[in-house]
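Read the structure below first, then the notes.
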Amino acid sequence: MEQLQTKLFEAATLNSITSLQQLLIDDQLILERALVNCFNETPLQVATMLGHVDFVRKIIGLQPRLVNELNSQLSSPLHMAAAKGNVAVVKALLSVDNLTCW
């Protein structure tokens, strides 16, 4: 199970939607597990930090609740995207209906 989570983070780092789709085939709950993992960031936060807007869109389409997750610094993906000045990622994150503003 931990190996799949590691692959999920690698997919986020590499902006590999194909890998994400394969991981979802292998484990349909992989994004749910990302909400309760032992890592400091979620895959959405990793993709946000790297500016991978297509990967961000794919993840929020599959698991919009990840938009509200805070990292160890208490920053949301929206905070991170805004701090980096990544307008495309900010717009993608703001498109989520259940976005909670902090």
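Overview of results
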quantity	calculated
Student exercise, the chain dipole from Lys, Arg, Asp, Glu Cβ charges, in Debye to nearest 20	300
Gained length - residue 22 relative to residue 65, 0.36 nm times residue gap less alpha-carbon distance	13.4 nm
When the convex hull of its Cα atoms is projected in every direction, mean area for the chain (nm²)	5.6
Value of Rg to Rh for the stretch 50-102 (Rh from inverse mean 1/r over Cα pairs, i.e. Kirkwood)	0.91
Separation in nanometres of the label points that stand 7 Å from Cα toward Cβ, at residue 88 and residue 2	3.5
Dipole axis of the chain (+1 Lys, Arg; -1 Asp, Glu on Cβ), positive-most option in 8, 88, 46	88
The chain: relative contact order in percent, alpha carbon pairs under 8 Å with at least 6 residues between	24
Using alpha-carbon coordinates, inclination of helix 53-62 to the longest axis of the chain, degrees	70
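Read-outs: derived from the displayed coordinates by stated rules, not from any lab. Predicted, not measured: the structure shown is a model, and the values here were computed from it. Here Cβ is always computed from backbone atoms with ideal geometry, including for glycine, and neighbour counts include all displayed protein chains.
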